[in-house]
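The values are calculated or read from the model by the stated rules, or taken from the named source; none is laboratory data. The shown structure was predicted, so the numbers you read here are calculated from the model rather than taken from an experiment. Note: ideal-geometry Cβ built from the backbone for every residue, glycine included; neighbour counts use all protein chains shown. Just the protein is used for accessible areas: all its heavy atoms, side chains included, with ligands, DNA and RNA removed. Shrake-Rupley method; radii C 1.70, N 1.55, O 1.52, S 1.80 Å.
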Amino acid sequence: MKARHIPNAITLSRLCLAPPLLIALYLIEAKTAMIAVFVFFALTDWIDGALARGVRGWSSAFGQRIDPYADKALCWPALLGLILELPTNVMILVPIAVFLFYDGMGETLRLLKLTTAPNWYAKKKTLVQMVALLILWCGIVLPSLQLFGITFVTLGLSLLWISTGLACIAGYAYLKESGVIDWILRRMPIFPSL
């Protein structure tokens, strides 16, 4: 394997290994190990991005295409596990619904070739989402964990909602970039001059 393929190999390993490992560890109730695996794969997301951007000639169209899928493969098992751990908490369900819509919309726009690479808000959404999930799962495993008197579950939920807001902004930016917003506005009777 050529050195320039290292970022893609890291991304592919995250894409293929993160979901089954996270799910298996959750099912056998090895939640501390699950958190460690999540942290490891979240760090690989940073490493492959840093290598692809930092080393000349290591960035590729293939890597740019599969990295968002690898991010989803890491985050969705952790998000779905939260539904099982906190089933009565509506504060979890709304962000998950927004993320589901956001991811579906993003994939649709990408398949139709109406959008380009992830925007700044999308990248920050993923970062905040990963940190939120890590803090939430730490709070679930060790409920007494606090930071300045705030439980980790509360802190993680707050960050998850910040990530939800970033998803809404990023989604709007994708729709604007793709021309969908302008198309809708031109066809609405309350905006006849557009």
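Below are the figures for this structure:
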read-out: Nitroxide proxy distance, nm - points 7 Å out along Cα→Cβ at Ala33 and Cys168; value: 4.0
read-out: Computed FRET value (nearest 0.05) for Ala3 with Ala117, which takes r as the C-beta separation and R₀ as 30 Å; value: 0.80
read-out: Vicinal HN-Hα couplings computed from phi for the stretch 174-179 (Karplus, 6.51 cos²θ - 1.76 cosθ + 1.60; Hz; Gly/Pro x); value: 4, 5, 5, 4, 6, x
read-out: Accessible surface, per residue, of the chain when the full set of protein chains is kept, probe 1.4 Å, Å²; value: 56
read-out: Option label - percent of Cα pairs over 26 Å apart computed here, alternatives (1) 29; (2) 39; (3) 42; value: (2)
read-out: From phi via Karplus (6.51, -1.76, 1.60), per-residue ³J(HN,Hα) for the stretch 75-80 in Hz, x at Gly/Pro; value: 7, 5, x, 5, 5, 5
read-out: Apportionment of accessible area to carbon and sulfur, the chain, percent (1.4 Å); value: 73
read-out: Using θ = phi - 60° and Karplus 6.51 cos²θ - 1.76 cosθ + 1.60, couplings along the stretch 117-123 (whole Hz; Gly, Pro as x); value: 5, x, 7, 4, 5, 5, 5
read-out: Under 28 Å between alpha carbons - lysine pairs in the chain that sit 8 or more apart or on different chains; value: 18
read-out: Virtual spin-label span in nm between Phe101 and Ala24, 7 Å along Cα→Cβ; value: 3.7
read-out: Relative frequency of Cα-Cα separations exceeding 15 Å in the stretch 71-110, percent; value: 43
read-out: Peptides ranked, highest mean first, by Cβ atoms within 10 Å: ranges 12-24, 62-74; value: 62-74, 12-24
read-out: FRET efficiency, Trp46 to Val90 (Cβ-Cβ, R0 25 Å, nearest 0.05); value: 0.20
read-out: Cα gyration tensor category, rounded, prolate or oblate, for the stretch 40-110 with a/c compared to 1.5; value: oblate
